[in-house]
Amino acid sequence: MKEFSKNLSKIYSPKDFEERIYKNWEESGYFRANANSGKPPYTIVIPPPNVTGILHMGHALNNTYQDILIRWKRMSGYETLWLPGTDHASISTEARVVAALKNEGISKKNLGRDGFLEKTWEWTREYGGAIINQLKKLGSSCDWERERFTMDEGCSGAVQKVFLKLFADGKAYRGLRIVNWCPECKTSISDIECDYEEKAGHFWHIKYPFSDNSGFIEIATTRPETMLGDTAVAVNPDDQRYKHLIGKTLILPLMEREIPIVADEYVDKEFGTGAVKITPAHDPNDFEVGQRHGLPVINVMDETATINQNGGKYNCLSRYEARKAIVKDLEEAGLLIKVDEHIHNVGACSRCDTVIEPWASVQWFVKMGELAKPAIEAVKNGRIKFIPKRFENSYLSWMENIRDWCISRQLWWGHRIPAYYCINPDCNHLEVTGESPEAVLEAKCVKCGDNLKQDEDTFDTWFSSALWAFSTLGWPEETEDFKKFFPTQTLVTAPDIIFHWVARMIFSSLEYTGEIPFDTVLFNGIVRDNQGRKMSKSLDNGVDPLEIIDKYGADALRFMLVSGNAPGNDMRWSEEKITASRNFANKLWNAARYVLINLPDDFKPEKSEIPKVLNIEDKWILTLYNKLVKDVTHNLETFELGVAAGNIQDFIWNIYCDWYIELTKPRIAEGGETALAAQNILVYVLKGMLKILHPFTPFITEEIWSAIPNSDKSIMISNWDKYDEKLNFKQESQDFGKIIDAVSAVRTKRAELNVPPSKKVALEIETVRENFSLFENSTAFFERLAFASSVSLIEKVDSAEGKAVAVTDTARIFMPMGELVDTEKERARLEKELAAVQSDIDFVMKQLNNKNFIEKAPAAQVEKAKEKLHKAEEKAGKIKASLEAL
RNA sequence: GGAGGCGUAGCCCAGCUGGUCAGAGCGCUUGCUUGACAUGCAAGAGGUCGUUGGUUCAAGUCCAAUCGUCUCCACCA
């Protein structure tokens, strides 16, 4: 065992020990979870950061929450597993690698699929470790031996297994649909990867002439270039203006193609001209209208949103060039009626901000209807709880209106879809199989014997993240880990991925494992900048957690991130807050240093126990510590991490440091039995404080802990204290409150009179005889903390002449100040004080005189009011007496 | 168009199921080299809890309306 060191460095310098401590933890294996343990499990799976990502404040907040819960549960006797890992983030990683290759003058296409994947794996291996190491700097107690990656063998196996099952059950299907297409990323993206923004645009009103030359119909569009693919014009069947035209045909301008006028309920009579051009290949609603009326789908753009050969003379123009050219040509042809300014929502790729092109293409989808039902039920019936609860609303409304999920992406980095197509166009056989691609391709088409080719696409990243809660534990195998740690308990995440991730994990888990993936979802808010804006690259207002850790320490950062913050609420970043947290750490450091320095050399802190004989102040601090344990535990149980942190800070600073340490100083100075007793309590409570604070600020608590020899080698594996009724000294702690009040009252009075601490004054304390021994035994406190030269007890002071008086509920304390007391000022002060007490009395009297209150309020409430009145009246009496004596 | 959050001391925010909740931190004022800490100690000033109604014996705390602000969802061409 390590020597009892006593010598914490004079300056709190987290840099000196944080790294060392983390290494020790890792080496000692405390982070490791044991699947064979008999303890109840507590599991959190990390929201896997992007493999190429770097730690930002959001990660810091999210992981601080998780680590607090994990460390608390670990100390509370659970077999805890915090499972870490990273996400392959297909679209984001692929974009980064493409960009990096571009700098080297290499194109993805030239490199080929295999070459590109090789490069991307290299990239992943090179940069993938970065965020993991950064999480370690934060103090995250993850089980690193269980670290997973969404594209590792196990997770990939789970993805395949799930897809095969979905396909077999008819819940995964392939079809021609309108998807959100990003012409920059050259892939489809899902609805929730598309961000809408209001933009100023135009509303072009165009003439579509009738085939029979009998005039024209006026349509309006915001995207004239799509008219190249128009295959109809639709009107509302009830629209009197157009009813008679239904069935007539039009000549599509510029393309000179004949298209029909169809009737469809979808058309809003009130909007625009009431006649809508229908472009089934480039608009989701038009696509549906097209389906209903059997209209052809003419795709006029390629994957880069450039007009293709179906666009006639506009072939090879970009969509915006084409728009310009088309408008010009229409104008010249006299077909442009007018152009209105129009503000509308334009969808953009959430990844690269390129305007989305709704585009008809063949994609894979997951049928959501059946999957959503149990996922809705699980949240509705409370099997899964959201904290705060309000986020259940958005979850439910999304789930209840869910649309099929497009899961195929035209990317290479990701899980390749295990679907194979016969190359013979007459056969067109589709095979979905878990066999190795080599074997499948070797085997040829089972129907016609022709060659097969594998689907070029990969799955949406979220398709694999959706399985994270169980694929990481070994599913589909019935592994020890899966049996022990699944379902997990708490998911800690940000509200912006409720749909992307949380919802999909819930329905996936229920569908494939039959279990909920977790029972509680705790949401953390967003860390904003000091002006309340989101931290973003474009604003360059991000704060780097690593720089903050370097400057203030990980503990200060962690403590700042949880302090004064409620679950799900956003918070503002400010340098002042972090210095406040650092100062708190410094305060604890110095308090510990003081306690340790003052222990005798032969003190055995590892055996520090509560002494048999306790002073009143000892009982007082023990009672308050005991209450702290109860409060903090309760607040952690209800996920009120910010409140818990506040409880602890208040106790350490305002109770332990400001009072208890000061109260014990005279005893330490005195030495002997009473000093030893005080030292034991000081150490006992210090150790308790360290333990309860440890989940929040793991490094400093471990460093101080290790300076005190303990039976537990690391505070990480020490036991979380439980509320103990034996430590609840109700009477004594209440009594001691009277001493605290009296000391404070004297200090206040002295401050009002500007008496320097160096001027000691003899105190005369007037109180009832029952309190005499309480106050007499506290003489040393008055001497030290209230600058008393002596203390005398008296039942009734006759003359207050030349004396200042401090009044509490239980006592009047007289201080002979001679000329310092200005009678007039003193009178004014006392009158002010009396007025304050009197307003309390009036308030309570009013309450007690209210018949309804007496009758309807709970008895305890009435009792409380009476007690309050009693106290206030006593105090008022004391102040009045003092006034009279002036 | 729909849903939700926020609006409490100069600033940043806590206030869980209505009754010691009117609070913390920062800032401010005054006084302190009180041998752990000036990254500190002591004391103090500051708010009729956005506004207006309602429910209740009792409302920052529940309900309604309203103003301001932010976010999410939908996306009518």
Check your understanding: For residues in segment A:271-285 being within 7 Å of RNA strand B (Cβ to nearest atom) and of a type outside the set (Val, Ile, Thr), which is most open to solvent (accessible area, probe 1.4 Å)?
Key -> A:Phe271
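Return a yes/no flag: does segment A:716-724 have any residue that is touching a Leu at 6+ places or on another chain (Cβ under 7 Å) and under 27 Å from A:Tyr65 (Cβ atoms).
no
Among the listed residues A:Val297, A:Val262, A:Val289, A:Val276, which satisfies the condition of being within 43 Å of the chain's Cα centre (by Cα) and at negative phi? Give the derivation first.
On the way: A:Val297 fails: within 43 Å of the chain's Cα centre (by Cα); A:Val262 fails: within 43 Å of the chain's Cα centre (by Cα); A:Val276 fails: within 43 Å of the chain's Cα centre (by Cα).
One residue alone meets the criteria, A:Val289.
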Revision key, fill the gap. In segment A:245-270, anything within 13 Å of RNA strand B (Cβ to nearest atom), surrounded by 17 or more Cβ atoms within 10 Å (Cβ to Cβ) and either part of a strand (DSSP E or B) or among the aromatic types (Phe, Trp, Tyr) (or both) is listed as A:Val262, A:Ala263
Study note, to complete from the structure: Checked A:Lys868, A:Lys856, A:Lys825, A:Lys875 against criteria (within 9 Å of RNA strand B (Cβ to nearest atom), under 30 Å from A:Leu763 (Cβ atoms) and not hydroxyl-bearing (Ser, Thr, Tyr)); the one match is A:Lys868
Practice item. Just name the residue that is nearest to A:Asp650 (Cα to Cα) out of those in segment A:537-565 that are within 14 Å of RNA strand B (Cβ to nearest atom) and open to solvent by 40 Å² or more (accessible area, probe 1.4 Å). Key: A:Gly564
Practice item. List the number of the failed condition for A:Arg812; all other conditions in (1) open to solvent by 40 Å² or more (accessible area, probe 1.4 Å); (2) among the basic types (Lys, Arg); (3) in contact (Cβ under 8 Å) with a residue 40 or more places away in the chain; (4) more than 16 Å from RNA strand B (Cβ to nearest atom) hold. Key: (1)
Review point. Quick one: in segment A:728-774, which of the residues that are of a type in the set (Val, Ile, Thr) and open to solvent by 40 Å² or more (accessible area, probe 1.4 Å) is nearest to RNA strand B (Cβ to nearest atom)?
Key: A:Thr748
Check your understanding: Going by the structure shown, is A:Val837 surrounded by 18 or more Cβ atoms within 10 Å (Cβ to Cβ), among the hydrophobic types (A, V, I, L, M, F, W, C) and either in contact with a Cys (Cβ under 9 Å, 6 or more places away or on another chain) or more than 24 Å from A:Ser758 (Cβ to Cβ) (or both)?
Key -> yes
Check your understanding: Going through segment A:359-411 one residue at a time, which ones are in contact with a strand residue (DSSP E or B) (Cβ under 9 Å, 6 or more places away or on another chain), assigned to a loop (DSSP other than H, G, I, E, B) and more than 10 Å from RNA strand B (Cβ to nearest atom)?
Key -> A:Lys367, A:Met368, A:Ile384, A:Asp404, A:Ile407, A:Gln410, A:Leu411
Check your understanding: Can you spot a residue in segment A:440-447 that is assigned to a loop (DSSP other than H, G, I, E, B), surrounded by 17 or more Cβ atoms within 10 Å (Cβ to Cβ) and under 29 Å from the mean Cα position of the chain (by Cα)?
Key -> no
Practice item. Report those helices (runs of 4 or more DSSP H) wholly inside segment A:1-114 carrying at least 2 residues which are under 18 Å from A:Ser714 (Cβ atoms) and in contact with a helix residue (DSSP H, G or I) (Cβ under 9 Å, 6 or more places away or on another chain). Key: A:18-28, A:57-75
Exercise for review: Please specify each residue of segment A:131-170 satisfying the condition of being in contact with a strand residue (DSSP E or B) (Cβ under 6 Å, 6 or more places away or on another chain) and open to solvent by 40 Å² or more (accessible area, probe 1.4 Å).
Suggested key: A:Arg146, A:Glu147, A:Arg148, A:Phe167
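On the given criteria, is A:Glu776 at pLDDT 85 or above and touching a Lys or Arg at 6+ places or on another chain (Cβ under 9 Å)? Break it down into steps so the answer makes sense when it comes.
Numbers: at pLDDT 85 or above: yes; touching a Lys or Arg at 6+ places or on another chain (Cβ under 9 Å): no.
No, not satisfied.
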Review point. Given segment A:493-570, what helices (runs of 4 or more DSSP H) lie entirely inside it while holding 2 or more residues that are free of Cβ contacts under 8 Å to residues at least 12 places away in the same chain?
Key: A:545-552
**Study point:** Elements of type helices (runs of 4 or more DSSP H) contained in segment A:575-659, each with 1 or more residues being under 30 Å from A:Gly672 (Cα atoms) and open to solvent by 20 Å² or more (accessible area, probe 1.4 Å)
**Key:** A:575-597, A:616-637
Review point. If you go through segment A:183-203, how many residues are under 23 Å from A:Ile497 (Cβ atoms) and part of a loop (DSSP other than H, G, I, E, B)?
Key: 3
**Study point:** Enumeration of residues in segment A:397-419 that are touching a helix residue (DSSP H, G or I) at 6+ places or on another chain (Cβ under 6 Å) and either within 21 Å of A:Gly514 (Cα to Cα) or surrounded by fewer than 18 Cβ atoms within 10 Å (Cβ to Cβ) (or both)
**Key:** A:Trp398, A:Met399, A:Ile402
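Right, A:Met571: among the hydrophobic types (A, V, I, L, M, F, W, C) and more than 8 Å from RNA strand B (Cβ to nearest atom) or not? Can you show your working first?
Working: among the hydrophobic types (A, V, I, L, M, F, W, C): yes; more than 8 Å from RNA strand B (Cβ to nearest atom): no.
Considered against the rule, which asks whether it is among the hydrophobic types (A, V, I, L, M, F, W, C) and more than 8 Å from RNA strand B (Cβ to nearest atom), A:Met571 comes out as no.
The values are calculated or read from the model by the stated rules, or taken from the named source; none is laboratory data. The structure presented is a predicted model; accordingly, all values stated were derived computationally and were not measured. Here the Cβ is made from the backbone with ideal geometry for all residues, glycine too, and neighbour counts use every protein chain on show. Each accessible area value is taken on the protein alone, full model and side chains, heavy atoms only, with ligands, DNA and RNA left out. Shrake-Rupley method; radii C 1.70, N 1.55, O 1.52, S 1.80 Å.
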